[in-house]
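Below is one structure, written out as structure tokens; the observations come after it.
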Amino acid sequence: MSCFHCGEACLTEKIRIEEKHFCCDGCKMVYSILNQHDLCDYYSLNEKPGINQRIRVRKDKFAFLDDQKIEARLISFRDENQIHVTFYLPQMHCSSCLYLLENLHRLEDGVLSSKVNFTRKEVEIVFQTKRSSLRKVAEILTSIGYEPYISLNDLKDKRPAIDRSMVYQLGLAGFCFGNIMLMSFPEYLGIDKSEEGLRGMFRWANFALAIPVLLYSALPFYESSWKSLKHKFLNIDAPIALAIIVTFIRSAWEVLSGHGGGYFDSMTGIVFFMLAGRILQDKTYRQLSFERDYTSYFPIAVSVLKDGHEVPTTLPEIKAGDTLVIHNEELIPADGILTRGKAFVDYSFVTGESMPVLKEMGEIVYAGGKQTEGNIEVLVVKEVAQSYLTKLWNREEFKKHESKRVSFVHLLSRYFTYIVLTIALFTGIYWQINDPSRLWPAVTAIFIIACPCALLLSNTFTNGNILRILGRNHFYLRNAETIEGLAPITHVVFDKTGTLTSTDQQDINYQGKLLNQVQLQQISALAANSGHPLSRALARELGVARGMEISSFRETTGKGIEGFVKGDHLKLGSAVFTGAIPSDSHETMVYVSINDEVYGYFRFSNHYREAIPGLIRELKKDYRMTVLSGDNESEKENLRKLLGDKTQLFFHQKPEDKLQHIRNLQLRGERVMMIGDGLNDAGALRQSDMGIAVSEQTNNFTPSSDAIIEARELARLPKFIRLCRANRKIVIASFILSIVYNIIGLFFAVQGTLSPLIAAILMPSSSLSILLLTFGSSTLLAKRMKL
């Protein structure tokens, strides 16, 4: 039996409305809200589209949004009538979400409109200033399962708007190129020789249309080449910029002198095709961030205890000596001393420890951990900016410096340019000696016909298509340069928790006296009443308990749970809590006691992703491998069976240890790819030659990296790498094809007889052939790999 709202298993039959069953009161509440406002079409668009609501958000969580200073940093527009705000909603995943979010005005009268950007998982909401508030809108979204993700990073400057300048440059180049081609047909076909006035008008019109392409559309190539020359480096854009300028000057001279119509069609065509390739290559995934730091993980505000009252306070305003109230499932934002309650802190994202850690009053708790049971109070000993996690993140060695790697395309272009300059030099010397009148036409024609634009086209279009294919398969690269970075990898380093293992699944095995079916159902019913991660996992493993009445239920933080189930007294928890003999094992165990008799224990171990064995088999063929884990050695035996004897295993690794290990591998000449998922992997991901962040959902938090891969696609990582390696071969094959066109063009150019018609045939033919070869080759290869 599954939940009508979210589809998860229902552990009890009690939570229901008519014939509809729900897994928790939270899901039932969301259904009630939608039903009350006649929005149940939400459930007809997709089957069980909701987000699980077992963990309900506390009522005053968004009280900090009443602070005008915070509100001013979050909203994009405000006047006396309306306010505009954009919220990031990582839960958004289907058309049902779109339907519900764009009908937000039916849930809240003060909302005027809501517009969804599904790609970026954002909703732009316009609401009336006097009838609603930022807090109220956030609470309405949360009540229907779409809690806005508001982090400390949102207090920073807003991210820049999308730069569309290159799109405008492409549009202008395309307009001018098309019209110039149209008005150049009289030149190509020798028509209208008797109508010199009309032909002259066309030539001047072409001249005028070429000027904006020269001065505006070609700007990216000028800027790139100038930057490279300032650094004493010749990149591929330098000879292209030279070819554009030379072609324009030669064409302008022909029009002004009346010798011909010039090569304005070729010049504008070059710019148009190369801009198109660059835009395709530079496509970015705006919904993803490859540069996140700890501020994207921390909340924007926390409750500070002042005079017995909880006061929402932004993190930058927290001072040493403040007492923080950390509620269930909230992050600890600063290092402090536990002064009230028992903390059961999940540090998996920060340290890599797979299980929550129990902290007693008087113990230190560190920033970045998540409290998983009840509320606690923490006395701040270090401000947020001085916490261990923040200082670790800001260390110099955790900052990735710009790579000095040079693309092979730039190296090819350099040698190509030297050859073209040599040909131009010898051609100039030859005609200077034999016929000086042909020197200018011959030399300029060489630069027009032999520009390395074909090399740039093949590279950008191949890169763009490969980025598209990888993105379609949920492997997102930061940029096109990352494709080349994957090819020379020699060593793969894995994090364990959250990378090799799944964060929301556990393998559970029972050892002890035999339990009958009724006793298993009793244990399941008791566990289902607890919000502890181990209890929830155990209840899921044992299945739904039907007809089990529970009384006197009690949960002791960090120890266990107990209660009467069908008249029997059950205890689940630690050895001490249940009366068992404690074990020296590092493994996680939940002991079972029925009527004060210890029956045995459930042993919890990491659940390795189903894709991992296949992934390891493939990677072993080509790479050396290492596992760096912040967890203890309880999984050493399982990892050794999975990875083999040649793989190095390291445990109890702090973030700085992981980074240093990557650095040591690089000093030995290894090209390292690091695959991790948490803040504890951030330094290693930055230091590695290729850092890949694993995410259960690409819009959830991931540390700074070169690429992001969805966890379910890990098995196909070797295929992705092979596709990226093929990139170089495709570009070189395209370049060889372009050389054939260049040789034909140079045959006419060195003689000074290159006509506009020949140039008009060769340039588009070369470009279109390359487009077909690059797109065709990369697409065919992807299909053969079943990508």
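Using the Stokes-Einstein relation with a Kirkwood hydrodynamic radius computed over Cα pairs, the translational diffusion coefficient of region 31-107 at 25 °C and a viscosity of 0.890 mPa s comes to 164 µm²/s. Once the Cα-Cα distance is subtracted from the 0.36 nm per residue extended length, the residue 729 to residue 1 segment shows a gain of 256.8 nm. Listed by chain and number, the lysines whose C-alpha is less than 19 Å from the C-alpha of residue 227, apart from same-chain residues fewer than 8 away, are 404.
Under 18 Å of direct C-alpha separation, and excluding same-chain neighbours fewer than eight residues apart, residue 566 reaches these lysines: 14. Accessible area per residue (1.4 Å probe, heavy atoms of protein chains only) ranks 253, 431 as 253, 431, with the largest value leading. Annotation: per residue accessible area for the chain equals 45 Å², rounded to a whole number [probe 1.4 Å, protein chains only]. Among the listed pairs 28/115; 359/559; 621/719, those whose Cα-Cα separation exceeds 18 Å are 28/115. Could you tell me what percent of the accessible area of the chain is made up of carbon and sulfur, with a 1.4 Å probe and every protein chain present? Solvent-exposed carbon and sulfur of the chain make up 55 percent of the total. Ordered by 1.4 Å accessible area with all protein chains kept, 587, 656 run largest first as 587, 656.
Accessible surface of residue 27, taken over heavy atoms with a 1.4 Å probe and every protein chain present, rounds to 0 Å². This model, with +1 at the C-beta of Lys and Arg and -1 at the C-beta of Asp and Glu, gives region 1-52 a dipole about its Cα centre of some 140 debye.
Of the residues 434, 409, 529, the one whose Cα sits farthest toward the positive end of the charge dipole of the chain, with +1 on the Cβ of Lys and Arg and -1 on the Cβ of Asp and Glu, is 434. Computed from the C-beta positions of residue 201 and residue 779, the FRET efficiency with R₀ = 45 Å rounds to 0.55.
Of all lysines in the structure, those lying under 16 Å Cα to Cα from residue 382, and not within fewer than 8 positions of it along the same chain, are 319, 391. Centre-to-centre, using Cα atoms only, region 233-279 and region 647-673 are separated by 49 Å. Shape annotation for the chain: C-alpha extents along the principal axes are 111, 67, 52 Å, from largest to smallest.
Helix content alone sets the calculated 222 nm mean residue ellipticity of the chain: runs of n ≥ 4 DSSP H residues at -39500 (n - 2.57) each, divided across all residues, give -13000 deg cm²/dmol.
Put a dot 7 Å past the Cα of residue 650, heading toward its Cβ, do the same for residue 624, and the two dots end up 1.3 nm apart.
Taking every DSSP bridge with both residues inside the chain, close to 80 percent are antiparallel.
Applying a length cut-off of 18 Å (Cα extent along the axis) and a mean Kyte-Doolittle floor of 1.0 to the DSSP H helices of the chain leaves 165-183, 237-257, 264-281, 408-434, 717-749, 756-784. Residue 12 contributes about 40 Å² of solvent-accessible surface, heavy atoms of the protein only, 1.4 Å probe.
The values are calculated or read from the model by the stated rules, or taken from the named source; none is laboratory data. What you see is a predicted model; the values in this text were computed from it and never measured. Neighbour counts are summed over all protein chains in view; Cβ atoms, including those assigned to glycine, are modelled from backbone coordinates with ideal geometry. With ligands, DNA and RNA removed, areas are computed over all heavy atoms of the protein, side chains included. Shrake-Rupley method; radii C 1.70, N 1.55, O 1.52, S 1.80 Å.
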